[in-house]
Each structure stands twice: as C-alpha cells, then as structure tokens.
1. Looking at 222, 198, 229, which is the one that is free of Cβ contacts under 8 Å to residues at least 24 places away in the same chain and closer than 30 Å to residue 60 by Cα?
2. Filter the range 71-81 down to the residues that are part of a loop (DSSP other than H, G, I, E, B) and either loosely packed, with under 13 Cβ neighbours inside 10 Å or not assigned by TED's automatic domain parsing to the domain that holds residue 150 (or both) and list them by number.
3. Among the numbered conditions (1) assigned to a helix (DSSP H, G or I); (2) within 18 Å of the chain's Cα centre (by Cα); (3) surrounded by 14 or more Cβ atoms within 10 Å (Cβ to Cβ), tell me where residue 61 comes up short.
4. Give the range 78-88 a look and list any residue that's within 21 Å of the chain's Cα centre (by Cα) and either at pLDDT 90 or above or more than 17 Å from residue 42 (Cα to Cα) (or both), or say none.
5. Looking only at the range 210-217, decide whether some residue is surrounded by 13 or more Cβ atoms within 10 Å (Cβ to Cβ), modelled with pLDDT under 85, outside the structural domain of residue 132 (by TED's automatic domain parsing) and closer than 30 Å to residue 38 by Cα.
6. Out of all the residues in the range 235-254, which are in a loop (DSSP other than H, G, I, E, B) and either more than 17 Å from residue 202 (Cβ to Cβ) or modelled with pLDDT of 75 or more (or both)?
7. Taking residue 177, is it under 12 Å from the mean Cα position of the chain (by Cα) and within 24 Å of residue 42 (Cβ to Cβ)?
C-alpha cells in the first residue's frame with residue numbers, strides 16, 4: 001500500500017494532468033513575434049517575461065536593461081527558461097533590436113496615439129499578425145515611466161491593452177502575457193495576417209498614380225505611404241483594392 005501511494009506521488013502521472021507533448025492542434029508557437037523590453041528595471045520582471053516567451057514560443061530581446069539579468073531573482077522567475085536570459089545580448093538602441101522586424105507595435109497607456117485608438121483585441125491581432133516570412137516586434141517600456149516618446153516614435157504603431165477596470169495599466173509581465181494571449185487566440189485556425197511589404201508597395205504605387213491623375217497635390221507619396229501603413233490589410237484585401245483602382249475594363253469587341 002505504501003509503495004502504491006509513493007508511486008502515485010512521484011513516479012506516475014496524475015490523472016487529468018496533460019504532459020508537454022500533448023497535441024493542441026489549434027495552438028501554434030508565435031515564432032514570428034519578437035518581444036522587446038526597453039530599459040527594464042526589475043530583474044523579476046525580466047525573468048517572468050523570459051518564461052512567458054517560452055510559453056508562447058517567442059524570441060526575447062532587451063534594450064538597455066537596468067537590472068541584473070543573471071541575478072538569482074531573474075533566473076528564479078525565468079525557470080525553466082533560464083537560458084533565455086543567460087544568452088540574451090542587450091541592444092543599445094530600439095532600432096537595433098528591431099533590425100529584422102517588418103512591423104513594430106509599441107504598447108502604452110500614456111502615449112496620445114495609443115489612447116486615441118481602440119485597445120488591442122483578438123480581431124485586431126489577427127489583422128496585425130505578420131505575413132509568412134515576416135516578423136512583428138512587440139515593444140514594452142519601463143515599468144515606472146512606460147515607453148519613452150522617442151521609442152514610441154520608432155514603432156510603426158502604438159496601442160493600448162484592454163483594461164475595463166479602474167486601474168488603467170498592467171505591470172510589465174502581465175502586459176506581455178495579455179498581448180501574447182491575444183495573438184495566440186488570434187492565430188487559431190486560418191489567419192490572413194498583415195499583407196507582405198511587396199503587396200503594400202503595389203497598393204502605394206497605384207494610389208500615387210491615381211493621385212497624380214486626379215491632380216491631388218496634397219496627397220504626396222509620403223502622405224499616402226503613411227495612410228497605407230495605418231491600414232491593416234491582408235494580401236486578399238490589397239488584391240481587391242488594386243482591382244478597384246484599376247477601374248472598369250472595356251468589354252471586348254463582339
């Protein structure tokens with residue numbers, strides 16, 4: 001009897017407990033995403049985010065960290081992803097950390113543009129998910145002061161997270177967890193994702209040509225590029241828009 005109890009405590013798997021190898025066909029690693037922490041103060045926060053990156057299959061990058069990444073607290077909170085912190089090479093600037101990201105999202109509860117927009121949800125995350133072969137950088141600022149204005153300006157877009165209660169901001173690790181959960185839920189099943197850079201360039205050229213034909217001098221290429229950058233379009237969306245901009249085709253002669 002004693003041997004059976006002991007085996008139940010340590011040797012055998014408890015009923016109802018799913019092991020790490022169990023299939024979850026509707027979930028997939030978010031290896032196209034990169035979490036970037038800027039000027040993180042807390043070693044525990046850095047460790048917690050390292051573990052979250054392991055949960056979701058995401059790469060972690062750090063910009064000018066203000067904490068000891070190899071400290072006992074950081075490694076304890078990172079377990080079992082200690083190697084993520086031990087092997088992390090800090091970046092000197094946000095631009096360097098985002099060097100291979102095709103699009104970047106800064107999170108903030110203070111930046112005006114982020115406050116003016118609707119908070120991130122599953123539907124928006126699906127539209128922002130990168131196209132195959134592309135990468136999306138998710139940028140999180142300092143725990144006390146948030147994302148600095150100059151770093152927010154380096155991001156392609158800033159957004160806020162949903163906080164329906166009286167407290168308007170998350171702590172750092174919670175903010176990363178909420179963001180990654182929204183993207184994980186958004187990728188269940190088929191996801192169109194954000195159109196590739198090449199497709200967006202085709203749309204921009206078509207809009208520039210149309211503006212020139214119409215004599216719309218206020219719509220410069222730079223202004224149109226800004227507008228296209230703000231549009232969360234899939235490749236199929238762009239195909240439909242290009243067909244529309246191409247205008248009605250003349251029917252062939254009988």
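1. Just a single option satisfies the conditions, and that option is 198.
2. Those that are part of a loop (DSSP other than H, G, I, E, B) and either loosely packed, with under 13 Cβ neighbours inside 10 Å or not assigned by TED's automatic domain parsing to the domain that holds residue 150 (or both): 79, 80.
3. Among (1) assigned to a helix (DSSP H, G or I); (2) within 18 Å of the chain's Cα centre (by Cα); (3) surrounded by 14 or more Cβ atoms within 10 Å (Cβ to Cβ), the lone unmet condition for residue 61 is (1).
4. 78, 81
5. no
6. Correct list: 246, 248, 249, 250, 251, 252, 253, 254.
7. Judged against the criteria, residue 177 is a match.
The values are calculated or read from the model by the stated rules, or taken from the named source; none is laboratory data. Model, not experiment: these values are computed from the prediction. Here the Cβ is made from the backbone with ideal geometry for all residues, glycine too, and neighbour counts use every protein chain on show.
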